[in-house]
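What follows is one structure encoded as structure tokens, with my remarks underneath.
The values are calculated or read from the model by the stated rules, or taken from the named source; none is laboratory data. Keep in mind that what you see is a predicted model, and the values were worked out from it rather than measured. No Cβ is skipped: glycine too gets one built from the backbone with ideal geometry, and neighbour counts run over all protein chains shown. The protein model used for the area step is the full one, side chains on, heavy atoms only, and it has no ligands, DNA or RNA in it. Shrake-Rupley method; radii C 1.70, N 1.55, O 1.52, S 1.80 Å.
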Amino acid sequence: MTAGIEEFVARRVHPGRRWLAAFRRPLAWAPLGYLVLLVAGSVLAPVLAPHSPVATDLDHVLAGPGPAHPLGTDALGRDVLTRLLYGGQISLLHAAIVVATVIAVGVTSGVVAGYLGGWFDRVFTWVVDVLLAIPVLMTLLVVLAVVGEHQTVVMIALGVLVSPGLARVVRGATLAVRKELYVAAARVCGLPHHRIVAAHVLPRIAGPVVVQVSLLAGGALLIDAGLSYLGFGAPPPDPTWGDMIAQAAAVIDRQPWLLVPPGVVLGLAILAFGLLGDVVRDATADHPPSPGEVVTPSLTPRDEPTTALLSLRDVEITLPGRIVVEDLSLDIGRGETVALVGESGCGKSITGRALLDLLPAGGAVTAGSFRFDGVDLAPAVPRALRGTRIALISQDPVAALDPVCTVGRQVAELVRLRHGGSRASVRARTLDLLRDVNLPDAVARRYPHELSGGMAQRVAIAMALAGEPSLLVADEPTTALDAGVQAEVLGLLGTLQAERGMAILLITHDWSVVSSFCRRAYVMYAGHIVESGPVEDLLTQPRHPYTEGLLGALPRRARPGTRLTAIPGSVPEPGQWPRGCHFAPRCTLATADCEAAPIPVAEPAAGHRTRCLHHAKLLPGGERASA
Ligand SMILES: Nc1ncnc2c1ncn2[C@@H]1O[C@H](COP(=O)(O)OP(=O)(O)OP(=O)(O)O)[C@@H](O)[C@H]1O
């Protein structure tokens with residue numbers, strides 16, 4: 001495993017186990033236990049309290065702790081312990097109202113802004129900036145002046161005023177999760193947004209949210225006590241902790257002890273919320289991974305073209321400010337495996353993503369036609385097709401899996417979405433899918449970090465198969481795997497394809513994968529398809545100097561004693577392409593004509609097309625052959 005992958009996996013240790021580990025420490029239980037005690041004491045105050053909270057004992061005014069009054073009495077002879085217990089009812093309820101409001105407003109708006117992005121996010125950021133500039137206490141005093149007698153409204157107002165801080169944290173965390181491949185994979189699989197948020201976003205941002213909320217709860221208790229202290233709290237005679245502190249402060253010279261019980265209870269409650277936040281932060285921090293496993297390979301490629309399933313004609317794909325794919329025409333038959341091959345940066349992945357309407361932000365198909373199963377799909381693929389008729393697997397399967405869900409749950413989620421049915425039937429179908437990709441049932445209980453690269457890719461394939469797609473876009477599905485596992489995964493794809501009659505667009509830069517797995521291939525260079533045809537013809541008789549150059553650089557095709565040839569230069573960036581042939585600046589056959597105007601596509605042999613004016617020179621006996 002490379003350092004990068006280790007690092008990646010380290011971020012993906014399942015949080016459930018971390019939380020269990022974190023709560024094994026006494027430090028974690030102490031604050032939780034204290035808060036549970038406080039809540040229980042307040043709720044059970046009518047049962048536990050030795051006196052009524054308003055009963056006065058004028059014979060024992062400002063008494064210290066004693067048998068009749070374990071924590072003493074206040075200036076009116078009321079039992080301090082009783083008032084502490086009852087006071088918790090109001091103080092904790094107020095804190096709970098603030099927390100509930102903050103969660104409802106802050107978490108909801110933060111998640112929506114982070115997940116949707118775009119104009120909503122821009123408006124959200126602007127509003128949050130404005131709200132953060134408003135002084136909370138000053139505004140609260142205005143609210144108190146207007147609706148001071150309605151304490152619930154005051155607490156809701158406090159929640160709204162402090163929620164922008166949490167909303168900003170939540171937005172940031174959601175933005176990070178939204179960029180994860182498994183969220184893109186869930187979208188590709190057609191999961192609705194609310195399900196993606198519930199299943200994949202919220203569990204990942206739960207840590208920061210709980211930390212923030214626990215700190216806010218402590219802060220809310222403090223503000224509530226402060227308001228009571230200032231006389232804006234619940235009206236007498238109902239006790240609150242803040243009110244008790246205010247009364248104790250008034251007689252501090254006569255009975256300093258009176259300040260201790262409410263001060264300690266309140267102080268410890270605030271400390272407990274803070275410590276709880278620390279525990280949650282530790283629980284959601286990164287930990288080292290468990291080692292993966294190794295699987296063994298076998299290869300059984302299949303490829304039988306039938307009638308056209310997908311046809312692209314003269315397609316142009318634009319990313320912000322530049323065209324990245326131009327004049328692209330491509331056909332894939334039903335059940336056919338077609339390769340899209342070329343150097344890095346030629347536009348292969350962008351083409352594959354356009355088929356699923358998954359272009360980067362600002363990207364669009366800006367010209368051409370796009371037919372799938374006889375239906376014109378331009379300018380974009382309907383979302384309903386994603387994950388059902390057209391599915392995607394990528395080169396980083398672990399990143400496409402949600403690290404906090406078991407494999408079984410992730411596959412089952414898609415099975416339920418696609419086919420519905422009872423719990424038992426979803427489970428049976430899930431296990432069938434895993435068996436189809438040669439994974440044992442036990443894998444359903446594992447988390448993504450417990451899988452080897454090959455196993456993770458099998459799971460990704462199982463998830464892609466859940467919708468029973470007619471076309472699978474496989475974007476470098478074996479690049480991250482070692483040679484043996486690579487062959488095994490390709491073999492599996494071949495078997496599944498033969499069994500299901502599914503077409504595959506295999507995006508790769510590896511000619512050995514092309515030759516062992518596909519019968520037809522499209523060679524892509526700098527946004528153009530420069531050559532296409534049967535793989536055998538491309539390998540034995542390339543009709544474009546770029547294809548020839550790629551093949552000439554393959555070590556296994558070199559004759560002993562001869563030097564490997566490499567194509568000089570590098571692929572030009574979009575926007576820096578020549579007007580005519582994009583390959584001309586690197587081509588040894590190029591003439592002035594090549595750069596003068598766009599090059600028409602020629603078909604020198606049936607089904608074998610090239611975008612080269614000089615393709616005849618590559619034939620045996622041609623200029624290149626005799627050179
Ligand atoms: N998210 C993006 N934002 C801006 N430009 C992008 C983005 N993704 C790709 N591009 C650009 O689009 C062009 C084609 O990229 P693409 O990823 O399709 O190439 P590729 O042939 O698949 O290469 P690789 O095998 O390295 O993925 C490149 O110039 C690349 O810089």
Query raised in the report: Helix-derived [θ] at 222 nm for the chain: sum -39500 (n - 2.57) over DSSP H runs of at least 4, divide by residue count, nearest 500?
Result: -14500 deg cm²/dmol
**Report entry** Distant-in-sequence amide H partners of residue 503 (H built 1.01 Å from N, under 5 Å)
**Finding:** 335, 336, 471, 472
Report summary line: With every protein chain in place, the accessible area of residue 588 for a 1.4 Å probe, in Å² rounded to the nearest 10, comes to 110
Report task. For segment 25-117, report the translational diffusion coefficient in µm²/s to the nearest whole number, using Stokes-Einstein at 10 °C, 1.306 mPa s, and a Kirkwood Rh over Cα pairs. Result -> 100
Requested in this report: Sort 445, 500 by accessible area with a 1.4 Å probe, largest first.
Outcome: 445, 500
**Report entry** Cα-based convex hull volume of segment 447-530 per residue, rounded to whole Å³
**Finding:** 115
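Using 0.36 nm per residue of separation minus the Cα-Cα distance, give me the extension gain between residue 322 and residue 278 in nm, one decimal.
Stretched out fully, the residue 322 to residue 278 stretch lengthens by 11.1 nm.
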Query - Net charge over other residues, Cβ less than 10 angstrom from the Cβ of residue 233 (K, R count +1; D, E count -1) - result: -3
Query raised in the report: How much accessible area does residue 470 have with a 1.4 Å probe, in Å² rounded to the nearest 10?
Result: 30
Report task. Leaving ligands, DNA and RNA out of it, report the carbon-plus-sulfur percent of the accessible area of the chain at a 1.4 Å probe. Result -> 62
Report task. Could you pull the Rg and Dmax for the chain, using just the Cα atoms, both in Å? Result -> 33.6, 122
Query raised in the report: Stretched out fully, how many nm does the piece from residue 619 to residue 259 gain, at 0.36 nm a residue minus the Cα gap?
Result: 119.7 nm
**Report entry** Qualifying trypsin sites (Lys or Arg not before Pro) for segment 149-207 [loop in DSSP, other Cβ within 10 Å: at most 10]
**Finding:** 179
Query raised in the report: So what does the Cα-only Debye profile of segment 416-569 read at q = 0.13, 0.19 Å⁻¹, as log10 I(q)/I(0), no solvent term?
Result: -0.72, -1.19
Report task. Let me have the relative contact order for the chain, percent, based on Cα pairs under 8 Å that are six or more residues apart. Result -> 14
Query - DSSP beta bridges in the chain [antiparallel fraction, %, rounded to 5] - result: 60
Query raised in the report: How much net charge surrounds residue 468 when only the other residues with a Cβ under 15 Å from the Cβ of residue 468 are counted, with Lys and Arg +1 and Asp and Glu -1?
Result: +3
Query - the chain, accessible area per residue, ligands and nucleic acids excluded (1.4 Å, Å²) - result: 44
